[in-house]
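The values are calculated or read from the model by the stated rules, or taken from the named source; none is laboratory data. What you see is a predicted model; the values in this text were computed from it and never measured. Note that each Cβ is placed from the backbone with ideal geometry, even for glycine, and that neighbours are counted across all protein chains shown. Quick note on the areas: whole protein, heavy atoms, side chains included, nothing else; ligands and nucleic acids left out. Shrake-Rupley method; radii C 1.70, N 1.55, O 1.52, S 1.80 Å.
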Amino acid sequence: MHPGWPMPVGPLRVPAGVVRLRPVRLRDAAAWSRIRLADRAHLEPWEPVTGVDWEVRHAISSWPAVCSGLRAEARKGRMLPYVIELDGQFTGQLTIGNVTHGALRSAWIGYWVASSATGGGVATAALALGLDHCFGPVMLHRVEATVRPENAASRAVLAKVGFREEGLLRRYLEVDGAWRDHLLVAITIDELQGSATSALVRSGLASWS
């Protein structure tokens with residue numbers, strides 16, 4: 001076990017409902033597959049190429065290997081793979097990866113949310129919860145993320161919780177059939193006033209559930 005895992009995180013209330021983070025589990029297969037297959041047009045344009053057909057990759061039968069791989073990384077202390085729950089239902093995933101302690105104390109964070117839950121503050125709440133977990137129980141100093149310049153919705157979410165742009169990574173990842181530029185954004189613990197979740201509450205974007 002490593003700091004902060006397998007601890008659940010939340011809750012935080014936003015207009016869409018109550019958001020929590022909890023570890024991925026094998027019985028998530030049906031919900032994960034259903035949402036990922038239904039939301040292909042919503043998700044695929046922003047995700048790195050894997051070389052595996054979307055339908056095959058997101059079949060229910062694919063989840064056990066995906067889940068066990070994520071949990072194996074968690075046990076090694078390198079990753080915290082969470083499910084985003086909205087009112088107790090699987091609504092997306094938030095993953096904290098490349099967790100490094102020592103002098104660096106850093107990680108990256110990534111997320112996706114079902115199209116049915118966009119626009120209600122779910123991604124913003126999940127990201128804020130994830131950040132506070134990184135800077136609290138996981139004991140990190142810095143968290144970074146990458147986002148395509150064209151992804152205005154995700155850039156807005158990252159900005160709401162305090163991420164700042166650090167630079168442009170040219171032709172960084174193969175996404176949607178081409179090598180795409182990505183913005184590198186980051187935040188350090190000393191840049192937060194209190195916590196990411198309390199900042200959302202103060203701004204009226206969320207409330208304690």
**Prompt:** Is it the case that some residue within the range 121-133 is touching a His at 6+ places or on another chain (Cβ under 9 Å), of a type in the set (Ser, Thr, Tyr) and at pLDDT 95 or above?
**Reply:** no
**Request:** For the range 96-126, enumerate the residues that are β-branched (Val, Ile, Thr) and surrounded by fewer than 20 Cβ atoms within 10 Å (Cβ to Cβ).
**Result:** Thr100, Thr118
**Prompt:** Only one of (1) modelled with pLDDT of 95 or more; (2) open to solvent by less than 70 Å² (accessible area, probe 1.4 Å) is not met by Pro3, so which one is it?
**Reply:** (1)
**Message:** Please go through the range 45-58 and give me each residue that is of a type outside the set (Val, Ile, Thr) and open to solvent by 30 Å² or more (accessible area, probe 1.4 Å), ordered by number.
**Reply:** Pro45, Trp46, Glu47, Pro48, Gly51, Asp53, Glu55, Arg57
